[in-house]
Amino acid sequence: MINYSYPLYRPPAEADNIIIQATYGCSYNNCGFCSMYKSKKYQVRDMEDIYKEIDILSLSFPNTHKVFLADGDALSLPTDYLIKILKYLKKSFIKLRRVSVYATAQNLLAKSDDELKVLSENNLKLIYFGIETGSDIILKKITKGVTSDEIKISLNKASNANIKISATVILGIGGKNYSKEHIQKTADIINQTTVNYLSTLQLGLEEDIKRRFYRNFDDFIMLNDFQTIEEQKEFIELLTPTNKVIFRSNHASNALHLSGTLPRDKNRLLDELNYAANIGQDAFIPKIFRGF
Ligand code: SF4
């Protein structure tokens, strides 16, 4: 029996995989739009407790191929600590092929290229990374704590170490005033890095963080669904990745669900967006079924 510490978040793609909390909370916990770990203090879990949970889970699920290390940024762990966990996972799950984590630019910048290579060699094969936006103006307003250059450098460090990247971008994060800036600068990041999976979410603000968000972003005007679809269209139009990117816009927050592979499906995705924009609100998922 695993006593998870809640709230516990994992990427949708990890729904069928083993989850082990290597840390609690998020080591940064300061992004203006995010309330995920506001109720949790960041903590590195005791190694013996992690080993015990791996022992229990490996007995129940010996054929496990994939493990997700939670919580908010397990890549914040010191490299030698993380390698001990990765080695123990490998020893315990003999069919293990991939370990994944949420990671921030700060986490990646704090590790050397050699450290990232060793992590990759020990099965850390995928990171989930919130780009949110490529605009320095917006990054500052949402208190993301990094610049667009640091995001690019950190993503390139991960791919150079043979770690795949699943990135998220938040539609509407610049509001009405910075929509063009958001889309242009975010597309630049995708076009200048090697993101393997890309998802677009649609901004929603939980009640408990609204005041703080608007304090730092006092000229923010929330986009409606039509404006968000327009933003999505402009973003896809500007994407010219040189590598294959699996694209999804199927998060619980999205007004319209899309999926495809870029650059191959670009025109089809744009056709779907144009079709929905023409139909109007009836084409969108009702707000009652959505959440950020
Ligand atoms: S780094 Fe991620 S989990 Fe942490 S506060 Fe920012 S968005 Fe939330």
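The values are calculated or read from the model by the stated rules, or taken from the named source; none is laboratory data. All values derive from a computational prediction rather than experimental measurement. Cβ coordinates were reconstructed from backbone atoms using ideal geometry, including for glycine residues, and neighbour counts include every protein chain displayed. Quick note on the areas: whole protein, heavy atoms, side chains included, nothing else; ligands and nucleic acids left out. Shrake-Rupley method; radii C 1.70, N 1.55, O 1.52, S 1.80 Å.
Things worth noting here:
- Among 98-107, 260-269, 190-199, the order from most to least packed when residues are scored by Cβ within 10 Å on average: 98-107, 190-199, 260-269
- Debye-sum result for segment 50-190 in log10 I(q)/I(0), which assumes one identical scatterer on each alpha carbon, at q = 0.13, 0.15, 0.19 Å⁻¹: -0.60, -0.75, -1.02
- Three semi-axes of the equivalent ellipsoid, segment 145-227, Cα gyration tensor, whole Å, largest first: 27, 14, 12
- Taking a straight line from the alpha carbon of residue 140, these lysines sit under 19 Å away, with near neighbours fewer than eight places off in the same chain left out: 152, 176, 180, 185, 210.
- Size of segment 36-77 as Cα extents on the principal axes (Å, biggest first): 34, 20, 18
- Per-peptide average of other Cβ atoms within 10 Å, ordering 240-252, 61-73, 220-232 highest first: 61-73, 220-232, 240-252
- Accessible area (Å², per residue) of the chain, counting only protein heavy atoms and a probe of 1.4 Å: 46
- Each 10 Å bin from zero up to the one holding the largest Cα-Cα distance in the chain carries the following percent of pairs: 6, 28, 34, 23, 8, 1.
- Value of Rg to Rh for segment 34-105 (Rh from inverse mean 1/r over Cα pairs, i.e. Kirkwood): 0.98
- Equivalent ellipsoid dimensions for segment 91-154 as semi-axes, Å, which come from the Cα gyration tensor, largest first: 29, 13, 8
- Distance from the Cα centroid of segment 4-45 to that of segment 83-145 is 14 Å (rounded to whole angstrom).
- Net length gained if the chain between residue 56 and residue 259 were fully extended (0.36 nm per residue, minus Cα distance): 69.4 nm
- Charge-dipole axis of segment 1-74 as Lys and Arg at +1 and Asp and Glu at -1 on Cβ define it, positive-most pick from 11, 28, 63: 28
- Placing a label point 7 Å from the Cα of residue 125 along the Cα-to-Cβ direction, the residues of segment 57-79 whose backbone N falls under 18 Å from that point are 62-70.
- Scanning residues 5 or more positions from residue 71 or on other chains, those with amide H under 5 Å from its amide H are 22, 23, 24, 25, with H placed 1.01 Å from N in the peptide plane.
- Free-standing Cys, the chain [no other Cys Cβ under 4.7 Å]: 26
- Residue 70 sits among other residues whose Cβ lies under 14 Å from its own Cβ, and their net charge, with Lys and Arg +1 and Asp and Glu -1, is -1.
- In terms of distances greater than 29 angstrom between alpha carbons, the cross-link table entries 66/233; 95/157; 66/287; 125/287; 66/141 yield 66/233; 66/287; 125/287; 66/141.
- Computed from the C-alpha gyration tensor, the three semi-axes of the ellipsoid equivalent to segment 130-187 are 22, 11, 9 Å, from longest to shortest.
- Summing charges over all other residues whose Cβ lies under 13 Å from the Cβ of residue 181, with Lys and Arg as +1 and Asp and Glu as -1, gives 0.
- Net charge in the neighbourhood of residue 58 (other residues with Cβ under 14 Å of its Cβ; Lys, Arg +1, Asp, Glu -1) is +4.
- The share of accessible area on the chain that comes from carbon and sulfur is 51 percent, using a 1.4 angstrom probe.
- Treating r as the C-beta distance of residue 95 and residue 143 and R0 as 41 Å, the FRET efficiency rounds to 0.50.
- For segment 12-287, the relative contact order is 15 percent, taking Cα pairs closer than 8 Å that sit 6 or more residues apart in sequence and dividing their mean separation by the residue count.
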